[in-house]
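Comments concern the structure below.
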Amino acid sequence: MPDADIMQHLLDTWGETFYQALDPNFSIASPLSTRKDGVAWLKRANTVGVNIRTIGTFWRLIPYCMTLPKAQNTIHILPIWEPGVVASLYGPSSWNINPEFFDFALQSAIPHLDTVEKQLKVVINILHLMGFSVGMDVVPHTDRYSEMVLANPSFFEWLQRRDMEILRHNSELWREVRQCIFEYVQARGSAVPDTPIPEQPETLYETWPESTRLRVLFGEKYDYEGRLNRRKELVELLYQMGFETTPATMGPPYRGLEVDPSPQALTVDEEGRVWRDYRIANPQKFSRAFGPLTRYRLYESLNDNSHWQLDFSRPIAPVWQYVCDNYRRIQAEFGFDFMRGDMSHVQMRPDGVPAQPDGFYDLLGAVKQSVLPEKPWFGYFAESFLAPPDEMAYGDECDHLEASLADSTLGDLQSEPVGTEKFARDFAQYRHWLDTRKFAPNFTIMTADKDDPRFDSFYLTGNEIRYFIALFLTDMPSYMGLGFESRDPHPTPAPNEHYTKLYVFQLSDGPKGTRGPYQWGNNVELYERLVRQKLFSNTIHDQIAEADIQWLLPPDPTGERRIFAWTQARNPQYIFAANLDTEKAHH
């Protein structure tokens with residue numbers, strides 16, 4: 001639909017309020033602002049996740065959301081920050097909004113929307129006007145040499161490497177890194193002309209506010225090329241000294257790194273620098289080290305980090321405050337309604353979840369708590385997969401989600417074909433957790449992580465029943481990634497351009513490379529069937545929205561019986577029946 005038609009439709013629907021929404025200095029109230037149930041709404045929200053790279057710009061969210069039914073009224077926008085290495089959305093290089101999401105056609109039509117920040121604010125205004133709640137990603141790590149890292153070396157862990165050997169990884173290494181950066185600024189001068197350089201690094205890093213420090217180190221916000229060039233110079237300086245941030249890790253034991261000696265672990269960048277990936281020295285099933293990413297330094301180390309151990313009794317409060325302040329500022333500036341916590345499954349304490357978690361137990365929970373006083377509806381959607389105890393995290397993941405104050409969690413139903421016995425068993429278990437835990441597991445249809453050639457077999461059949469359950473099981477939240485509704489069946493892998501997961505990165509070659517824009521599927525048969533569900537859902541939405549349900553035929557915990565049925569617990573009007581068996585009908 002042409003932009004002019006979209007705007008005319010919005011004007012016809014909302015009148016003068018639409019003009020208010022186009023003012024980036026005006027905030028359209030969230031549809032959640034009048035609710036009296038706090039964050040409870042997120043436990044029954046039907047969320048749609050959107051990687052903006054697949055549609056091009058923030059503005060293109062509007063026509064896409066116009067295709068959604070009333071029941072899917074919650075939008076999760078994948079990370080919106082300037083990206084770093086391999087342009088990964090999950091490796092932010094600064095707190096600035098990604099300029100690649102700027103819409104030039106929108107600026108041409110509405111000249112005052114001349115920055116990507118103004119366009120994002122207006123898009124969220126319009127989504128609020130349309131009745132959508134909107135969520136942002138909260139990412140507990142950054143690009144390995146992000147502006148956050150270089151402007152705050154003490155907020156991250158460092159190591160010093162030479163070839164295949166980690167020379168040092170002591171906890172105070174950041175002091176040497178900070179000194180190197182300070183000497184660079186003294187020799188090179190400020191990125192902003194006529195700005196004096198202090199005589200001591202303590203003044204630059206501890207007395208001056210970060211906003212001033214960023215300008216001195218990198219330059220003005222919209223000087224994208226200048227900031228990038230200054231950052232590259234600092235990366236080269238630290239590379240020559242062997243200083244690298246410690247990579248983010250996943251899965252027990254989390255700590256204890258070594259250089260990966262395999263040939264596949266060697267990378268040569270465009271400047272000819274040779275990098276090595278790392279691995280966990282004593283790995284378990286889900287142990288991973290993410291070389292392009294580095295996690296915030298949230299706790300002091302034991303014994304100068306000689307054995308890669310953390311002292312969880314000594315949180316580094318300024319780091320926690322820094323992360324919380326920035327996400328609270330971003331929420332206030334753009335009006336986000338909830339947060340999706342990246343890597344929410346991380347729980348590093350070998351003894352598991354403490355009996356009485358405090359305010360420094362979990363960074364993602366702390367971010368949520370920092371926003372709640374101003375926005376009492378601000379919820380926390382956790383990226384965790386409800387894995388068995390001690391597998392993806394130390395201890396019980398359900399206990400961790402409750403301790404970190406998660407309201408809703410992604411879960412892992414998208415990782416199994418619908419028709420299997422395991423899917424039926426897992427679904428029954430999720431329903432049990434929904435009834436007995438403080439958080440709500442999602443009935444997840446598809447995510448960006450699973451829209452990938454490795455998982456094609458999950459979506460060859462059963463897509464209609466996934467969507468049906470998500471729409472009409474009104475007491476359980478759901479999550480659907482963009483692209484699901486028209487996704488082509490891929491009995492053999494399709495070109496990379498047909499998978500949203502591969503637009504989390506921005507690579508031109510290799511196994512994750514893409515050339516050209518994302519290609520929507522042409523599965524007309526699936527789309528028509530789902531549109532029938534959308535239209536029916538819209539006709540009954542107001543009667544059943546968020547209704548408690550009563551089982552007429554509950555899910556079978558053994559997974560043997562694949563059919564179940566339900567109605568509304570109060571004032572029942574409709575009966576819904578679902579058959580998870582994709583090979584035969586049941587009567």
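The values are calculated or read from the model by the stated rules, or taken from the named source; none is laboratory data. Predicted model, so just to flag it, every value in this text is computed and none were measured. A quick note on method: Cβ atoms are made from the backbone with ideal geometry, for glycine too, and the neighbour counts reach across all protein chains shown. When the accessible area is computed, the model is the full protein with side chains, heavy atoms only, and any ligands, DNA or RNA have been set aside. Shrake-Rupley method; radii C 1.70, N 1.55, O 1.52, S 1.80 Å.
Give me the helices (runs of 4 or more DSSP H) completely within the range 11-84, filtered to those with at least 1 residues that are farther than 25 Å from Gly513 by Cα, ordered by residue number. Walk me through how you get there before you give the answer.
On the way: elements: 16-21, 52-55, 61-65.
Of the helices (runs of 4 or more DSSP H) lying wholly inside the range 11-84, those with at least 1 residues that are farther than 25 Å from Gly513 by Cα span 16-21, 61-65.
Return the residues of the range 234-259 that are without any contact (Cβ under 8 Å) to a residue 40 or more places away in the chain and buried (at least 17 other Cβ atoms within 10 Å of the Cβ); say none if nothing qualifies. Step through it out loud before you land on a result.
At the first step, the residues of the range 234-259 found to be without any contact (Cβ under 8 Å) to a residue 40 or more places away in the chain are 236, 239-240.
Hit for the range 234-259 is Tyr239, nothing else.
Quick check on the range 376-387. Is at least one of its residues within 30 Å of Ala494 (Cα to Cα), within 17 Å of the chain's Cα centre (by Cα) and hydroxyl-bearing (Ser, Thr, Tyr)?
Yes, the conditions are met somewhere in the range 376-387.
Restricted to the range 574-585, and to residues that are in a strand (DSSP E or B) and closer than 17 Å to Asn463 by Cβ, which residue is least open to solvent (accessible area, probe 1.4 Å)? Explain how you work it out, then say what you get.
Quick first cut of the range 574-585, residues in a strand (DSSP E or B) only: 576-579.
Subsequent filtering for residues that are closer than 17 Å to Asn463 by Cβ retains 578-579.
Values: Ala578: 3, Asn579: 44 Å².
Across the range 574-585, the extreme among qualifying residues is Ala578.
With (1) farther than 27 Å from Phe360 by Cβ; (2) at pLDDT 95 or above; (3) in a loop (DSSP other than H, G, I, E, B) as the list, and Glu225 as the residue in question, which single condition is left unmet?
(3)
Can you find, within the range 447-466, the residue that is surrounded by the fewest Cβ atoms within 10 Å (Cβ to Cβ) among those that are farther than 21 Å from Glu525 by Cα and either among the charged types (D, E, K, R) or free of Cβ contacts under 8 Å to residues at least 24 places away in the same chain (or both)?
Arg454
Taking the criterion of being open to solvent by 10 Å² or more (accessible area, probe 1.4 Å), more than 24 Å from Met476 (Cα to Cα) and either without any contact (Cβ under 8 Å) to a residue 40 or more places away in the chain or among the hydrophobic types (A, V, I, L, M, F, W, C) (or both), would at least one residue in the range 58-70 satisfy it?
Looking through the range 58-70, none of the residues is open to solvent by 10 Å² or more (accessible area, probe 1.4 Å), more than 24 Å from Met476 (Cα to Cα) and either without any contact (Cβ under 8 Å) to a residue 40 or more places away in the chain or among the hydrophobic types (A, V, I, L, M, F, W, C) (or both).
May I ask you to say which residue of Gly341, Gly335 is under 29 Å from Pro388 (Cβ atoms), in contact (Cβ under 8 Å) with a residue 12 or more places away in the chain and touching a helix residue (DSSP H, G or I) at 6+ places or on another chain (Cβ under 8 Å)? Steps first, answer last, please.
Values: Gly335 fails: under 29 Å from Pro388 (Cβ atoms).
The match here is Gly341.
Identify all residues within the range 531-583 that are more than 32 Å from the chain's Cα centre (by Cα), among the charged types (D, E, K, R) and over 29 Å from Gly483 (Cβ atoms); write none if there are none.
Listed by number, the residues that qualify are Asp556, Glu560, Arg561, Arg570.
So which of Phe455, Phe443 is in contact with a strand residue (DSSP E or B) (Cβ under 9 Å, 6 or more places away or on another chain) and either of a type in the set (A, V, I, L, M) or over 22 Å from Glu560 (Cβ atoms) (or both)?
Numbers: Phe443 fails: either of a type in the set (A, V, I, L, M) or over 22 Å from Glu560 (Cβ atoms) (or both).
Going through Phe455, Phe443 in turn, the sole match is Phe455.
One residue is enough: does the range 150-166 have a residue meeting the conditions among the basic types (Lys, Arg), in contact with a strand residue (DSSP E or B) (Cβ under 9 Å, 6 or more places away or on another chain) and surrounded by 14 or more Cβ atoms within 10 Å (Cβ to Cβ)? Steps first, please.
Filtering the range 150-166 down to residues among the basic types (Lys, Arg) leaves 161-162.
Among the residues that remain, those that are also in contact with a strand residue (DSSP E or B) (Cβ under 9 Å, 6 or more places away or on another chain) are: 161.
Next, only the ones that are surrounded by 14 or more Cβ atoms within 10 Å (Cβ to Cβ) stay: 161.
Yes, that holds for at least one residue.
Could you please tell me which pairs satisfy a Cβ distance under 8 Å, a separation of 6+ or placement on different chains, a first residue in the range 272-288 that is within 21 Å of Asp163 (Cα to Cα), and a second residue that is outside any loop (DSSP other than H, G, I, E, B) and among the hydroxyl-bearing types (Ser, Thr, Tyr)?
From residues that are within 21 Å of Asp163 (Cα to Cα), the pairs are Arg273/Tyr239; Val274/Thr267; Trp275/Thr267; Arg276/Thr267; Asp277/Thr267; Ile280/Thr249; Arg288/Thr249.
When you scan the range 77-92, do you find a residue that is in contact with a strand residue (DSSP E or B) (Cβ under 9 Å, 6 or more places away or on another chain), open to solvent by 30 Å² or more (accessible area, probe 1.4 Å) and among the aromatic types (Phe, Trp, Tyr), even just one?
Yes: the range 77-92 contains one or more residues that are in contact with a strand residue (DSSP E or B) (Cβ under 9 Å, 6 or more places away or on another chain), open to solvent by 30 Å² or more (accessible area, probe 1.4 Å) and among the aromatic types (Phe, Trp, Tyr).
Does at least one position in the range 201-217 carry a residue that is touching a residue at least 12 places away in the same chain (Cβ under 8 Å), more than 25 Å from Pro318 (Cβ to Cβ), open to solvent by 60 Å² or more (accessible area, probe 1.4 Å) and not polar (S, T, N, Q)?
Looking through the range 201-217, none of the residues is touching a residue at least 12 places away in the same chain (Cβ under 8 Å), more than 25 Å from Pro318 (Cβ to Cβ), open to solvent by 60 Å² or more (accessible area, probe 1.4 Å) and not polar (S, T, N, Q).
I'd like to check something: does the range 239-252 contain any residue that is at pLDDT 95 or above, more than 18 Å from Val149 (Cα to Cα) and more than 26 Å from the chain's Cα centre (by Cα)? Outline the logic, then answer.
First, the residues of the range 239-252 that are at pLDDT 95 or above: 239-252.
Going one step further and asking which of them are more than 18 Å from Val149 (Cα to Cα), we end up with 250-252.
Now narrow it down to the ones that are more than 26 Å from the chain's Cα centre (by Cα): none.
No, the range 239-252 contains no residue that is at pLDDT 95 or above, more than 18 Å from Val149 (Cα to Cα) and more than 26 Å from the chain's Cα centre (by Cα).
Can you tell me how many residues within the range 430-446 are open to solvent by 10 Å² or more (accessible area, probe 1.4 Å), in contact (Cβ under 8 Å) with a residue 40 or more places away in the chain and among the polar types (S, T, N, Q)?
0
Every residue in the range 541-573 that is touching a residue at least 40 places away in the same chain (Cβ under 8 Å), over 21 Å from His432 (Cβ atoms) and assigned to a loop (DSSP other than H, G, I, E, B), please.
Ala545
Hey, does the range 14-28 have a residue that's surrounded by 14 or more Cβ atoms within 10 Å (Cβ to Cβ), β-branched (Val, Ile, Thr) and either in contact with a Pro (Cβ under 7 Å, 6 or more places away or on another chain) or free of Cβ contacts under 8 Å to residues at least 24 places away in the same chain (or both)?
No, that holds for no residue.
Which of the residues spanning the range 388-429 are at positive phi and open to solvent by less than 10 Å² (accessible area, probe 1.4 Å)? Lay out the reasoning, then the answer.
Residues of the range 388-429 at positive phi: 390, 395, 405, 411.
Passing the criteria: only Gly411.
Give me the residue from the range 497-556 that is polar (S, T, N, Q) and farther than 30 Å from Ile80 by Cα and, out of that set, least open to solvent (accessible area, probe 1.4 Å). Walk me through it before giving the result.
Restricting attention to the range 497-556, the residues satisfying the condition of being polar (S, T, N, Q) are 500, 506, 508, 514, 519, 522-523, 533, 537-539, 543, 550.
Those still in the list that are farther than 30 Å from Ile80 by Cα too: 533, 537-539, 543, 550.
Working: Gln533: 27, Ser537: 4, Asn538: 55, Thr539: 95, Gln543: 88, Gln550: 91 Å².
Only one residue fits best here, namely Ser537.
Give the residues of the range 470-484 that are in contact (Cβ under 8 Å) with a residue 60 or more places away in the chain and either open to solvent by 10 Å² or more (accessible area, probe 1.4 Å) or assigned to a helix (DSSP H, G or I) (or both), sorted by residue number.
First, the residues of the range 470-484 that are in contact (Cβ under 8 Å) with a residue 60 or more places away in the chain: 470-483.
Ala470, Leu471, Phe472, Thr474, Asp475, Tyr479, listed by residue number.
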